[in-house]
Amino acid sequence: MFNLELFTNDCYKLLKFFYDNQIEVKDNYYVALSQQEIADILHFSKQKTNNIIRLLKENDYLSAYQNMRGKYMITNKGYKVIEIIERKY
């Protein structure tokens with residue numbers, strides 16, 4: 001079980017951005033945009049983007065794609081959050 005309170009702010013905005021901007025390579029999905037590109041698109045600072053990514057990773061909503069720096073994938077827990085929140089709208 002997890003607490004959705006974490007997602008009442010920009011954390012969800014970033015997680016949903018990752019969901020909407022995934023690419024598929026060999027049956028794997030990940031986001032290959034840099035933190036600066038993500039920050040620019042979402043109108044966040046790079047530091048804010050970095051902090052949210054770190055928080056999402058620490059709480060197992062995101063992980064590094066194949067341990068590669070700057071490539072992120074949504075975990076099963078992250079997909080579950082999106083499913084729950086999107087179902088409410």
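Please enumerate the residues belonging to the range 7-41 that are more than 12 Å from the chain's Cα centre (by Cα), of a type in the set (A, V, I, L, M) and modelled with pLDDT under 95.
Ile23, Val25
Out of all the residues in the range 30-69, which are open to solvent by less than 60 Å² (accessible area, probe 1.4 Å), in a helix (DSSP H, G or I) and closer than 16 Å to Tyr19 by Cβ?
Within the range 30-69, Ile38, Leu42, Thr49, Ile52, Ile53, Leu56, Tyr65 qualify.
Among the candidates Tyr72, Tyr89, Tyr61, single out the residue that is at pLDDT 90 or above and within 17 Å of Asn9 (Cβ to Cβ).
It is Tyr61.
Which residues, taken from the range 70-89, are among the aromatic types (Phe, Trp, Tyr) and in a loop (DSSP other than H, G, I, E, B)?
Tyr89
Could you list, ordered by first residue, the pairs with Cβ atoms under 7 Å in which the first is in the range 67-79 and touching a residue at least 24 places away in the same chain (Cβ under 8 Å) and the second is open to solvent by 70 Å² or more (accessible area, probe 1.4 Å), at least 6 apart or interchain?
Between residues of the range 67-79 that are touching a residue at least 24 places away in the same chain (Cβ under 8 Å) and residues that are open to solvent by 70 Å² or more (accessible area, probe 1.4 Å), the close pairs are Met73/Tyr29; Ile74/Tyr19; Lys77/Asp60.
The values are calculated or read from the model by the stated rules, or taken from the named source; none is laboratory data. Model, not experiment: these values are computed from the prediction. Glycine gets a Cβ as well: all are built from the backbone with ideal geometry, and neighbour counts include every protein chain shown. For accessibility, only protein heavy atoms count, side chains too; no ligands or nucleic acids. Shrake-Rupley method; radii C 1.70, N 1.55, O 1.52, S 1.80 Å.
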